[in-house]
Structure formats: structure tokens, C-alpha cells
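See below for the structure under consideration.
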Amino acid sequence: MGFNPTTKDLRARGPAQAALHEQAAAAAFPIFGRKVYVRGVVEVSNFCRENCTYCGMRRDNRSLERERAQHDEIAELLIHQRPAAMTDVNLQTGEDPVAARDVVLPLIRTLRRETKLGLSVCLGTLDAEIYEELQAAGATVYILKFESADAADYERWQSPGKLEERLRHIRQLAAAGWKVSSGFIAGLPGQSLEKILANCELAASLPLHGCSVSPFIPGEATPLAAAPAGEVETTLNCMASLRLMRPDWLIPAVSALNIAQADTGYRRGLRAGANVVTINLTPGDLQRDYLLYKRERFIMDEARVLAAIAAEGLEPSRQSMTEQLEQNAAVPIVGPT
Ligand code: SAM
């Protein structure tokens, strides 16, 4: 009964692709209506102990000013100056256990006390104790991308630890009651369509509430700086496939879609079934040196995300992602399991 994507779906272009995306966008309507979740992201630290070949924040990149945000500055921003449309916040870092404990944990406590925001974190693989403390403090969504479903590629690109370990953390977080969202990169150098498809299949087999797909962007100051970018069309087809596999998932339109396809990639993500958009609220200095791919990142602000939502005939949700996920959990989802 469930949708099983094939490489033909990933290759779809022209009318076949438009039909795939339309079908995908329609699959979300019975659960989410025309609602899109507007979250803010604050990148809290660009220290990273990992050395992912594709990522500009890798520890071997000595050209960055490494910095941790201050609790008070981010608390002030999120309590008193946040965009009105945003219902959720994601606090993200490089893999930096010090920032997780000293900045993110106190921020989660403050935000739980002072706001009704849904609270997500994306901090890499950490010890079980800090996961528990973050959850007890009020965070509900943990974002942990598995990056690549192919264990040999995972190792080759020096993704964090081992794939098996990353998957174990995803399962442990889910078992502990976190709503886990994962993700992968599509179009890493030499990645075949079969391997990209395996990412969709792995995602659908995990205990997730959401999944992102990011096109590979050759990162400045990385060993892959001269490699070709991942194809936006394949990325969009992966997003549509995931939506058809899991109509109940939160699927973000990532800002990298706009780097890869100036200004239109993001809207096409929404058209292919994405239902989460992200406003970047990282303060200036950190934003410049939170280098995932290139310095001239496409920064989405409130006006841009609201314009993209409206242009696609969708509407911003007033409910947070957390509230929606709790509601989804109460209603059995008919479709693939
Ligand atoms: N350090 C945390 C972790 O490991 O989960 C937080 C996320 S990490 C800083 C940011 C994410 O950006 C990575 O998980 C990866 O999927 C993505 N990313 C990094 N470099 C990329 C690139 N060149 N192209 C596409 N995505 C990339």
C-alpha cells in the first residue's frame, strides 16, 4: 500500500516530475491541510570536533573565527524580538558538547519558562545525560541527520563517528520520547541514484517524525570545494518521494535549495511536499562564520519565507510543530508504516 520510490522517480523531469510533486504535495493535505510550519534557527556555536569532508565548519578549517553565542543575547532575541510568524525554534551547533551544556541547556530552560515556542535542537551525537537534561528542560524535537545511508561513503566523507552509531543514537532518542527528525545530503560526489534512493529507504525505516534532504553544495575551504553541486531536481524528487512514503512527516524546504537554484528552489520545495520553512536568526558574527558551505549563504528572513508560503497558496501554521506532532501521534496514520 505504501509508496516505494524507484530511481525512475528520482530521474523524473518535465510532466512526470510535475505530476510526482503534485501528488506529493496533495499527500500532506489530509494531515496538515495547507499549513506550513515557520521555525527560527539560531546557530549557537561554530566550534566542531568533527571533520566532515563536505562541511565548512570541519575542525581542519583554520580560517574560521570560532565562537559561542551568549545565553543572554539569544534569550533577549527569542523572547522579545522574534518574528511574529515563528512558532518553533531550533538551536543548532557544530558538534560542541561545551556549547550544548553551557549555552543550549540554559537557553532551553529560559525559553520553556518564558515562551510557548516548540523547542528543537540539532547538536550532533552527545552523551545520554545531556540528551536527558535537554529533554527535561523542555526540548522535544532532536534533529540528527544520518547524512548518507551507505556506511562506506559515510566513512569516506568522515561523517561523525560511524553510521551504525549515528543510527543507534537516532533510535535511542526516539525510544526516550524525543520526536526525531533526520536528514541526508543528495548528490555527494560520485553518489549514484541507487545510493540516493537508499537514503529515502533508510529514512522511511527509522522511527522519525521528519526528514530533510539537502543538495550537496561544494563547501568553501573543504576538500570538496571544486566538486560539482548536487542536482536540485534529484533533491526535489527525493523530497516528493519521502512525502509520499510518509505523509505525516515534517519535511523542511532547506535554504540550500536556493543556493543551488537561485530564489526558486525554496518555492519548488514547498511545491514538492515540504511543510517546514526556517528563518535564520543567527547573530551577524556567528552567521558569517557558521560555514556549512559558502559564506554567501542564502539567508531566509521572515518576509522571504512568508512570501514563498503565500506564493504557493499555503499558509503559516499558528500551531507549533510540537503541538502538531502530538496531535498526529493521537490519530493513527493510514498509509505506510
Ligand atoms: N553538528 C551537528 C550534527 O552533526 O548533527 C549539527 C548539524 S551540522 C553543523 C549541519 C548539517 O549541514 C550536516 O548535518 C550536513 O547534513 C549539512 N551539510 C554540511 N555541509 C554540507 C554541504 N556541503 N552540502 C550540503 N549539506 C551540508
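The values are calculated or read from the model by the stated rules, or taken from the named source; none is laboratory data. The model shown is predicted, which means the values in this text are computed figures rather than measured ones. Because the Cβ atoms are built from the backbone with ideal geometry, glycine has one as well, and the counts that use them run over all protein chains shown.
Looking only at residues in the stretch 280-303 that are assigned to a helix (DSSP H, G or I) and at pLDDT 90 or above, the one that is nearest to the ligand (Cβ to nearest atom) is GLU302.
For the stretch 239-250, a residue qualifies if it is over 15 Å from the mean Cα position of the chain (by Cα) and either modelled with pLDDT under 95 or not charged (D, E, K, R) (or both), and the qualifying residues are ALA240, SER241, LEU244, MET245, PRO247.
Would you please name the residue that is farthest from the ligand (Cβ to nearest atom), looking only at residues in the stretch 122-171 that are small (Gly, Ala, Ser) and part of a helix (DSSP H, G or I)?
Result: ALA136.
Out of ALA310, ALA253, one residue alone is in contact with a helix residue (DSSP H, G or I) (Cβ under 8 Å, 6 or more places away or on another chain), of a type in the set (Gly, Ala, Ser) and modelled with pLDDT of 90 or more. It is ALA253. In the stretch 122-138, of all residues being among the charged types (D, E, K, R) and in contact (Cβ under 8 Å) with a residue 24 or more places away in the chain, the one that is surrounded by the most Cβ atoms within 10 Å (Cβ to Cβ) corresponds to GLU133. Would you confirm whether or not the stretch 66-73 contains a residue that is surrounded by fewer than 23 Cβ atoms within 10 Å (Cβ to Cβ), in contact with a Leu (Cβ under 9 Å, 6 or more places away or on another chain) and farther than 30 Å from PRO218 by Cβ? Scanning the stretch 66-73 turns up at least one residue that is surrounded by fewer than 23 Cβ atoms within 10 Å (Cβ to Cβ), in contact with a Leu (Cβ under 9 Å, 6 or more places away or on another chain) and farther than 30 Å from PRO218 by Cβ. Residues in the stretch 2-32 that are of a type in the set (D, E, K, R), in a helix (DSSP H, G or I) and farther than 19 Å from ALA198 by Cα: GLU22 only.
Go through ALA227, ALA151 for me and flag whichever is more than 19 Å from HIS21 (Cα to Cα) and either polar (S, T, N, Q) or touching a Phe, Trp or Tyr at 6+ places or on another chain (Cβ under 8 Å) (or both). Result: ALA227 is the single residue among ALA227, ALA151 that is more than 19 Å from HIS21 (Cα to Cα) and either polar (S, T, N, Q) or touching a Phe, Trp or Tyr at 6+ places or on another chain (Cβ under 8 Å) (or both).
Scoring CYS52 on the criteria (1) in contact (Cβ under 8 Å) with a residue 40 or more places away in the chain; (2) more than 24 Å from ARG166 (Cβ to Cβ); (3) among the hydrophobic types (A, V, I, L, M, F, W, C) leaves a single failure, condition (2). Considering only residues in the stretch 316-337 that are among the small types (Gly, Ala, Ser) and loosely packed, with under 14 Cβ neighbours inside 10 Å, the one that is modelled with the highest pLDDT turns out to be ALA329.
This table checks each residue for (1) closer than 20 Å to PHE146 by Cβ; (2) of a type outside the set (Gly, Ala, Ser).
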site	(1), (2)
PRO218	no, yes
ALA226	no, no
LEU242	yes, yes
PRO247	no, yes
PRO252	yes, yes
ASP285	no, yes
SER320	no, no
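Within the stretch 85-115, if we keep just the residues that are out of contact with any helix residue (DSSP H, G or I) (no Cβ under 8 Å at 6 or more places or on another chain) and of a type in the set (A, V, I, L, M, F, W, C), the residue that is nearest to the ligand (Cβ to nearest atom) turns out to be ALA99.
Within the stretch 1-39, restricting attention to residues that are polar (S, T, N, Q) and within 14 Å of LEU244 (Cα to Cα), the residue that is modelled with the lowest pLDDT is ASN4. Of the residues making up the stretch 208-250, those that are among the aliphatic types (A, V, I, L, M), assigned to a loop (DSSP other than H, G, I, E, B) and either near the ligand (Cβ under 9 Å from one of its atoms) or free of Cβ contacts under 8 Å to residues at least 60 places away in the same chain (or both) are LEU208, ILE217, LEU224, ALA225, ALA226, ALA227, ALA229.
Being of a type in the set (A, V, I, L, M, F, W, C) and within 12 Å of the ligand (Cβ to nearest atom) is a condition met by at least one residue of the stretch 26-46. Among the candidates GLU147, GLU133, GLU114, the residue that is among the charged types (D, E, K, R) and farther than 22 Å from ASP88 by Cα is uniquely GLU147.
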